[in-house]
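Quick notes on the structure that follows.
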Amino acid sequence: MNLLEEIKKYLIYFNEIGLEVIPTTNNLIKFLQSENFISENGLDNLKNSILTCEKCPLHRVRKQAIWGEGNINSQLMIISEYPDKDEDFYGRPFVGQIEDLLKRMLQAIKLKKEDFFITHAVKCKTPGGRPPEKEEIEACKSYLLKQIKYIKPKLILALGFTPPKIFLENNPTFSSIRGKVFKIKRNISIIFTYHPNYILKNPAVKRMVWEDLQKFRKLYEELFKTS
Ligand code: SF4
């Protein structure tokens, strides 16, 4: 059932029978005000805010800001770092050999790219592909947090060194947090591992990524009661 379509039909009906005040109840008001009621406009507005954002200097070097890609109804999310020049050019996360590697990583744990909503921690590319500055991460992080709030994933695979800067305090070393399960809300678990880009340049981390992905799979099976 499309909730918005149903509400629209009711409003048209009320209008046709001459009602000027919409009957409501305290429970309905609470529901409409709750986090569970996310209008399609809310997501569209958020997307539009990202695509037109000029909150930090990165808007001057990007070709386009990247909203993300995939299933917004999924309970699985991938958070990448920030767009590289190819992603900036094509306007989507993971293109070329990075996409191929990501697909192989997911295949190894019996999942597909299409099972996830995929987005970046920072939505615009950086000059020369350098890591985003603290102020740029700070300016951009509300977009990612709102995407999480709207999409409500239960399990997140975070790739690379930028996502921990959004979710974890005190700047822990990556080696101390990778492969561990963190809760970013009561119902949202996140596992950090290396980004495919980093794996291509540092093949020695492949084994660690493999271990982290196995943990992700185990948690996935526990959360979704599947195997
Ligand atoms: S990186 Fe984020 S905050 Fe900065 S301009 Fe792009 S969308 Fe806006």
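Nothing in this text is a laboratory measurement; each read-out follows from the coordinates by a stated rule. Please read these numbers as outputs of a predicted model, since none were measured by experiment. A quick note on method: Cβ atoms are made from the backbone with ideal geometry, for glycine too, and the neighbour counts reach across all protein chains shown.
Once both labels are positioned 7 Å from their Cα atoms along Cα-to-Cβ, the gap between Val181 and Asn48 label points is 4.0 nm. Using θ = phi - 60° in the Karplus curve 6.51 cos²θ - 1.76 cosθ + 1.60, the 3J(HN,Hα) couplings for the stretch 53-67 round to 5, 10, 6, 9, x, 5, 4, 7, 9, 7, 7, 7, 7, 10, 6 Hz; x is entered for Gly and Pro. Each residue, Glu133 and Tyr90, gets one label point 7 Å from its Cα in the Cβ direction; the gap between the two is 3.0 nm. Computed from backbone phi with θ = phi - 60° and the Karplus coefficients 6.51, -1.76 and 1.60, the 3J(HN,Hα) list for the stretch 219-225 is 5, 4, 5, 5, 5, 9, 6 Hz; x is used for glycine and proline. Applying 1/(1 + (r/R0)^6) with r as the Cβ-Cβ distance of Ser142 and Leu168 and R0 = 22 angstrom yields a FRET efficiency of 0.85.
Taking the number of Cβ atoms within 10 Å of each Cβ as an exposure proxy, the fewest-first ranking of Tyr194, Tyr90, Tyr220 is Tyr90, Tyr194, Tyr220. Of the residues Leu58, Leu43, the one with the fewest other Cβ atoms within 10 Å heads the list, and the complete ranking is Leu43, Leu58. The separation of the stretch 143-189 from the stretch 70-116, counted between C-alpha centres, amounts to 16 Å. Put simply, the amide H of His120, placed in the peptide plane, has neighbours under 5 Å in Ser80, leaving out anything fewer than 5 places away on its chain. Cβ-to-Cβ counts within 10 Å put Val205, Val61 in ascending order as Val61, Val205, the fewest first.
With each label modelled as a point 7 angstrom along the Cα→C-beta vector, the Lys206-Lys218 pair spans 2.3 nm.
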